[in-house]
Amino acid sequence: QLATQFPSEDILLITASPVIKAVTNFKQISKILEEFDVEEQSSTMLEKRFPNIKVIESGVKQLKSEEHCIVTEDGNQHVYKKLCLCAGAKPKLICEGNPYVLGIRDTDSAQEFQKQLTKAKRIMIIGNGGIALELVYEIEGCEVIWAIKDKAIGNTFFDAGAAEFLTSKLIAEKPEAKIAQKRTRYTTEGRKKEARSKSKADNVGSALGPDWHEGLNLKGTKEFSHKIHLETMCEVKKIYLQDEFRILKKKSFTFPRDPKSVTTDTEMWPVYVELTNEKIYGCDFIVSATGVTPNVEPFLHGNSFNLGEDGGLKVDDHMHTSLPDVYAAGDICTASWQLSPVWQQMRLWTQARQMGWYAAKCMAAASLGDSIDMDFSFELFAHVTKFFNYKVVLLGKYNAQGLGSDHELMLRCTKGQEYIKVVMQNGRMMGAVLIGETDLEETFENLILNQMNLSSYGEDLLDPNIDIEDYFD
């Protein structure tokens, strides 16, 4: 966006990774909903397309905001007129420095995970967000113990009803494999491995795209499809390595075949997890999929940024941080303007793309002394993704976020086919969850945006025999 706005200026992209993430197959589904794939490309692709972009492959050591200068790990200094920080977020690991605990956020960690999985008989997944959901569904031939702190799965994205609708899919055998993807993948394999010094090894790559598990062969050692045991309402209390566990003479459980009988595990495992519900399980390794924290560390030293409660760099409605000429976009930032009543920030690919695009417009406007209106995409929260092979559309306050008890829910569910939930407040639609091919996203998007009073329709709003799209066209 910057390169097109300023064709004669130098645009520097400083990145610690040899590959960049590009948006491909972009489709505008409705006014605000968009669907796209995220693909890794070599950074030369970008330089070829825009002669004024220069990619510098190096981590950032320090930001000297008063001098308008970035110091990179390779010792160079880069002076800027305007700077946008898009360093994303890093996985919150349940414990640092344990070789048996893997965090998954970028392509390298997904590959590492695949290597470990080929030898695994049992793994434990901790967390209840998008990556945990995807993993649980995709892993085959390996026992999975899935520990979540909530009552139901996927609580970031849906309520217990939607979770129930999807869980039935976990037990069913999966349909035949999807058609192999035809697209080039760039990985960090085969590059000068020894050149990755300690500082480099800690640099995280870009976050995974929405279809990161495609093309990865997620299969363990056993010859069965799904074996999943869910432990709800619990968190990790302690992690023991094998020797430690042996000395403590504790007992661990086998994979629960039958909820009533719990037997002691005689097999020795590399690592053991004690949960807050007092249960202990042994496994080959643990996947920590417990969300992310904004990656602000490299930029804080010597700079007085205002930070949000979630640790992100606070930005105003022009994506400007509290420091002059420094902007931020994506997972690293915290939206601190007066938010629309039906939008909330979530650290997702769709928002990262919208924020990056809008930040570039704001940087351009500020340079030219123009004024610019808030981008329309921040009017309504809208996200489309896939879980368990179902299309999932989330709109507005889809989980009644911040509405207190002053709201009503309307539901329509056809087992194995679709799940529709609408959040209503004072007769107006505030949010919706659509799972399956419902074709209602555009209608609902409009109803939430125009805040029309729907009280007179009552339950008919979701009556499958009434063609609601034609009605509100």
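The values are calculated or read from the model by the stated rules, or taken from the named source; none is laboratory data. Since the model is a prediction, treat every value here as computed from it, not as a measurement. Here the Cβ is made from the backbone with ideal geometry for all residues, glycine too, and neighbour counts use every protein chain on show. Remember, those area values only see protein heavy atoms, side chains included, never the ligands or the DNA or RNA. Shrake-Rupley method; radii C 1.70, N 1.55, O 1.52, S 1.80 Å.
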- line: With DSSP loop assignment and no more than 16 other C-beta atoms within 10 Å, the trypsin sites (Lys or Arg not before Pro) in the range 386-473 are Lys415
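What pairs in Lys31/Lys169; Lys151/Lys251; Lys92/Lys237; Lys121/Lys391 have C-alpha atoms more than 20 Å from each other? Numbers along the way, then the final one.
Numbers: Lys31/Lys169 31 Å; Lys151/Lys251 26 Å; Lys92/Lys237 16 Å; Lys121/Lys391 31 Å.
Too far apart for the 20 Å limit: Lys31/Lys169; Lys151/Lys251; Lys121/Lys391.
Excluding ligands, DNA and RNA, what is the solvent-accessible area per residue of the range 382-471 at a probe of 1.4 Å, expressed in Å²?
45 Å²
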message: Relative contact order for the range 382-471: what percent, with Cα pairs under 8 Å and sequence separation of 6 or more?
response: 25 percent
- line: Counting only DSSP loop positions in the range 336-382, the chymotrypsin sites (Phe, Trp or Tyr not before Pro) whose Cβ has at most 15 other Cβ atoms within 10 Å are Trp337
- prompt: Taking a probe of 1.4 angstrom, what is the accessible area of Arg246 in Å², to the nearest 10?
  reply: 130 Å²
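Apply 1/(1 + (r/R0)^6) to the Cβ-Cβ distance of Asp370 and Asp150, taking R0 = 41 Å, and write down the FRET efficiency to the nearest 0.05.
Details: r = 46 Å, r/R0 = 1.12.
After rounding, the FRET efficiency stands at 0.35.
Counting other Cβ atoms within 10 Å of each Cβ, which GluC sites (Glu not before Pro) in the range 368-456 have at most 13 and sit in a DSSP loop? Intermediate values should be presented prior to the final figure.
On the way: sites: Glu379, Glu408, Glu418, Glu437, Glu441, Glu442, Glu445; in loops: Glu379, Glu437.
Sites meeting the loop and neighbour criteria: Glu437.
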query: In the range 382-471, with Lys and Arg counted as +1 and Asp and Glu as -1 at Cβ, which of these residues, Phe444, Tyr398, Leu462, has the Cα nearest the positive end of the dipole, that is, farthest along it?
result: Tyr398
- prompt: Tell me, what HN-Hα J-couplings in whole Hz come from the Karplus equation 6.51 cos²θ - 1.76 cosθ + 1.60 at θ = phi - 60° for each residue of the range 340-357, using x for Gly and Pro?
  reply: 4, x, 10, 10, 9, 7, 9, 7, 10, 4, 4, 5, 4, 5, 5, 5, x, 4
task: Provide the FRET efficiency to the nearest 0.05 for the Glu67-Asp10 pair, computing r from the beta carbons and using R0 = 22 Å.
output: 0.75
- prompt: Which length gain, in nm to one decimal place, applies between Lys48 and Ile466 when the Cα-Cα distance is subtracted from 0.36 nm times their residue separation?
  reply: 145.2 nm
message: Run the paramagnetic zone check for Met452: 7 angstrom along Cα to Cβ, then residues of the range 391-432 with backbone nitrogen under 13 Å.
response: 428-429
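Can you give me the % of accessible surface on the range 382-471 that is carbon or sulfur? Probe 1.4 Å, all protein chains present, nothing else counted.
Carbon and sulfur atoms account for 43 percent of the accessible area of the range 382-471.
What order do Met429, Met233 take when sorted by accessible area (1.4 Å probe), most exposed first? Numbers along the way, then the final one.
Values: Met429 0, Met233 110 Å².
Ranked list, largest accessible area first: Met233, Met429.
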